[in-house]
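Accompanying notes for the structure given below.
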C-alpha cells in the first residue's frame, strides 16, 4: 500500500477552513501538534507531535503513530507497553496546524509512561506565591518498571 501523501497547504483561508483536501500545516521542524483524548469519555490523554510519516501511518493503519522530539524518531504508541491507541476519529483545527485524535486505548487503558491513564495527572497551584505541582491522579494502571526497559 503506497504511503499517504499530503498536498501543500493552501494560502486561501476559505480553502483551509472548508471541506476538501486535508493539507496539514507542519511547522518549520516538520511537525504538527497532536492532541489525544479518550473516545469514550473525552478525557485528555496526551499531547504529542507528528511528522508527515507518523500522520500518514496513523491515517492508513488506524493506529496512532507519533514523532518523538527527544529521541528524534517515529514511534507507535503502545508498541512497548501494549497500550495501543486505536484511532476512532481524526479532526483538524481551522487552519490545519493541529490534530485531535479520539482514541480507544488497549492494554492497561493507560496512556502515560508513568502508568497513569492520562499524562495530565497533576495540577499547578500557587502556594505561598510559588507555582507548585500536586498529583491529582495517583492510580497506576501498570508498573512502568516492569513494562519499559531501562
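The values are calculated or read from the model by the stated rules, or taken from the named source; none is laboratory data. In this text, all values refer to a predicted model and were calculated from it rather than measured experimentally. Here Cβ is always computed from backbone atoms with ideal geometry, including for glycine, and neighbour counts include all displayed protein chains.
Does residue 61 satisfy the criteria of being within 13 Å of the chain's Cα centre (by Cα) and within 27 Å of residue 29 (Cβ to Cβ)? Break it down stepwise before answering.
Numbers: within 13 Å of the chain's Cα centre (by Cα): no; within 27 Å of residue 29 (Cβ to Cβ): yes.
In short, no.
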Breaking point among (1) outside any strand (DSSP E or B); (2) closer than 27 Å to residue 143 by Cβ; (3) at pLDDT below 95, for residue 23:
(2)
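Yes/no matrix, rows are residues, columns are (1) closer than 22 Å to residue 143 by Cβ; (2) in contact with a strand residue (DSSP E or B) (Cβ under 8 Å, 6 or more places away or on another chain); (3) crowded, with 20+ Cβ neighbours inside 10 Å:
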| residue | (1), (2), (3) |
| --- | --- |
| 60 | no, no, no |
| 64 | no, yes, yes |
| 67 | no, yes, yes |
| 74 | no, yes, no |
| 82 | yes, no, no |
| 89 | no, yes, no |
| 94 | no, no, no |
| 104 | no, yes, no |
| 107 | yes, no, no |
Given the condition part of a loop (DSSP other than H, G, I, E, B), under 26 Å from residue 137 (Cβ atoms) and modelled with pLDDT of 95 or more, answer yes or no: does some residue in segment 28-37 qualify?
no
